[in-house]
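Novice: The structure that follows is given in the form of structure tokens.
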Amino acid sequence: MVNANQDDVLNRIINNDHLAISRAISKIESDNDPNDELFSKIYPYTHKSIKIGITGPPGAGKSTLTDKIIQLYLKQNKSVGVIAVDPSSPFSGGALLGDRVRMNNYLWNDNVFIRSMGSQGNLGGLNRKAQEAGDILAASGKDIIIFETVGVGQGEHDIAKAADLTIVMLVPESGDDVQLMKAGLIEIADLFVVNKADRNGSEKLVQSIKSVLHIFKNKENFEPPVFKVSADRGVGVDELFDGIGNFLNDSSHQDYLEVKKIARYKNRVLNIVQKSLIDDFWTGSNMKKLESMIDELKISKSSPHKTAEKLLRNK
Ligand SMILES: Nc1nc2c(ncn2[C@@H]2O[C@H](COP(=O)(O)OP(=O)(O)OP(=O)(O)O)[C@@H](O)[C@H]2O)c(=O)[nH]1
Ligand SMILES: [Mg+2]
């Protein structure tokens, strides 16, 4: 049952009340309230936004570029929501200094909402939470939702991948093309950005990405474009912005966007089921049972697998 209070929250979110949005995202983060009913109610309002994921190594310039992209969308009278995910940060709610400064720039702007989320050590959960926060922003009517995440491993990539368009940002210091392939970046990138073009080695990196892409075409007949920019100086940003628009509007990409959307949906269901099963399993009694088993058995004798099996089979 949806109570009156929840309907009120829903209405406030739909009416782009930034305080209500912020509170809803805090609830998602703290996991105190699964908000199932709220999400089901919100879902019909979440389909209009375009989702963009940006991933790249720490300090590559993701936030700087996001800021430039926000400005360009605002010029087109579009509104933007940003979820900046920092997996290494235990903080939440915008505790990161840089992002907080950034957020303050838009404090009174109804067309921009920026929020940081930390991982508190649980990347899988973070992916689900980022998606849910994205839903809240979409329901508030934001035209564009940007998921910005520090790309170090698969978990972070999953967040950026769950978008209509995934941008992989690299800098001349990122390393060579072998690392590029190892990190699985080719598979997830729809568009590459080489940032800090003002630094030595950026053209070499562009060329090596292009040659790798040429060999490993990631999607049928589609070779992701590579843009060289200098985000803080604003060089190459307009071209990149056009590239984003072209990708999203290209009629030959519509099937691909649909496939991505379905994969995203499926992944979300998997995540929710996983969480629900795990939460159900680790009720107080199973947790107590584990504690007592650890007390009883000499852990050197029974393998973790055996102990897990006993718990799973309720022996
Ligand atoms: N030289 C140079 N510096 C840049 C450029 N773009 C951004 N920077 C600087 O790089 C630093 C990191 O930029 P951010 O935008 O915070 O990078 P980020 O990828 O968001 O960083 P994290 O969120 O910490 O991973 C800042 O000092 C920027 O001013 C650029 O094109 N050239
Ligand atoms: Mg950043």
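Where a number appears in this text, it was derived from the coordinates with a stated rule and is not lab data. Bear in mind that the values here come from a model prediction, so they are computed numbers and not experimental data. Quick reminder, even Gly has a Cβ in these numbers, built from the backbone with ideal geometry, and neighbours come from all protein chains shown.
Novice: Which residues' amide hydrogens lie under 5 Å from the amide hydrogen of M169, considering only partners 5 or more residues apart or on another chain, with H built in the peptide plane?
Specialist: T55, G56, V193
Novice: If you average the alpha carbon positions of the range 194-243 and of the range 273-315, how far apart do those two centres end up, in angstrom?
Specialist: The range 194-243 and the range 273-315 have Cα centres spaced 49 Å from each other.
Novice: Can you give the extra length, in nm with one decimal, that the chain gains between L257 and N105 once fully stretched, where that is 0.36 nm per residue apart less the Cα-Cα distance?
Specialist: Gain on extension, L257 to N105, equals 51.5 nm.
Novice: OK, next. Hey, with R₀ at 41 Å, roughly what FRET efficiency would L248 and L290 work out to, going by the Cβ-Cβ distance, to 0.05?
Specialist: Efficiency at R0 = 41 Å is approximately 0.25.
Novice: Hey, rough spin-label estimate for E239 and D279, points 7 angstrom out along Cα→Cβ, what's it come to in nanometres?
Specialist: That separation, rounded to one decimal, is 4.8 nm.
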